[in-house]
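Reading through the structure tokens given below for one structure.
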């Protein structure tokens, strides 16, 4: 079955059919490097990391380009405020971005071009737009003439009459139309400048992505992505520039992810609800953040809260706990023994990969894929707990195979990458640190309880269970032995 993807430009889903069979070319707008990255940036990075991983899992070769904006009004202003250069400021925040991505486990893209390294390509693209009558010079500035591009507004579904000047679009009474946007900005005193046919200046914001995507992916490529906030004006303007210059379709599929909100309000510094990636990772692991992000479909709003993050942490623990329990099963079972797994549960486990793929093929529906993970774990736990003292070899093999499949599929979402037993041991140690009992004391009490049960002193065994429970330790008996967990866990 093909992968079906929602295309912002058409407003509908369609099968993903790469221009070059077996090879998908994708461009995603990266950060403007002037500040720490927030959880909205984290969502964008994680969503497209997931998409690339899944496409490669499905057998595609993926060329993934994600740019850096390293010259911009905001960068210039921040550099002046900090009495430093635009180059030093942008390089610092690019370095910090890479640190954040490494902590999140985001794989590097194929290419990470910077705007300042492609001024030559930008100038050449602007020259071609002027030659086609789609751009004009005003002093040392160059503007795109939106009225000359018939398809302007198709991506965002707006008409010129309805449009308002977007962010980063400077107002100039000499513009032919209020919505004309800057391709080249003449330099002001103290700003970084490059020589051009229109005098010293620097690129506008939108033109850089058209120039860099064209250089590395060609005039037409498969997927262009970003947040919904980029649909207008940035991506709308990219289409006008790129298609205006080439006369060819720019992008086959536009993928945009939803906003991150906090208490149903869009995150912003002015509201005091602005959270950086670093602040979130001080409290939660990268995998908890990933599980939180992927529990919601990428096109839907994602509301951040401590409650939601704690739920994600608990869910991650459930997944790891099930895998850790399976890793502790006997290495060998009883050959020829009757299976203890009914047909329905067996089908649930053997169909996990097919169900995961079906969910992901439907516009990368990670929320549904995650539901299949938890359903599989529920079945694994049920099967494991029902195993007899001498389980059938085939039952043990199915549980191990199911656990391995779960980890393989979860890795596409960047989850369950740690060794489950090690994860659980670390979790227990962290929780025990806040309790008045040590792991050695717990094991000693469990041993005493087992001895009491062996001697049929059930009153003593029950008393030990109650003593452990008062100290927040729960114990479970099974044919393979007694296990314990912290009650809060």
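Points worth noting:
- Filtered residues of region 391-433 (kept if touching a strand residue (DSSP E or B) at 6+ places or on another chain (Cβ under 9 Å) and part of a loop (DSSP other than H, G, I, E, B)): 391
- Count of region 400-417 residues which are out of contact with any helix residue (DSSP H, G or I) (no Cβ under 7 Å at 6 or more places or on another chain) and under 13 Å from residue 288 (Cβ atoms): 0
- Members of region 129-143 that are part of a helix (DSSP H, G or I) and surrounded by fewer than 22 Cβ atoms within 10 Å (Cβ to Cβ): 130, 131
- Residue count for region 338-357, restricted to those that are touching a helix residue (DSSP H, G or I) at 6+ places or on another chain (Cβ under 7 Å) and part of a loop (DSSP other than H, G, I, E, B): 3
- Only a single criterion out of (1) at pLDDT 95 or above; (2) outside the structural domain of residue 346 (by TED's automatic domain parsing) is not satisfied by residue 372, namely (2).
- Check on residue 288, touching a residue at least 24 places away in the same chain (Cβ under 8 Å), in a strand (DSSP E or B) and not assigned by TED's automatic domain parsing to the domain that holds residue 366: no
- The listed residue being out of contact with any strand residue (DSSP E or B) (no Cβ under 7 Å at 6 or more places or on another chain) and assigned to a helix (DSSP H, G or I), out of 248, 278: 278
- Residue that is farthest from the chain's Cα centre (by Cα) [pool: residues in region 433-450 that are modelled with pLDDT under 90 and farther than 20 Å from residue 325 by Cβ]: 441
The values are calculated or read from the model by the stated rules, or taken from the named source; none is laboratory data. Bear in mind the structure is a predicted one, so any value in this text is a computation, not a measurement. Don't worry about glycine lacking a Cβ; one is built from the backbone with ideal geometry, like all the others, and counts go over all protein chains shown.
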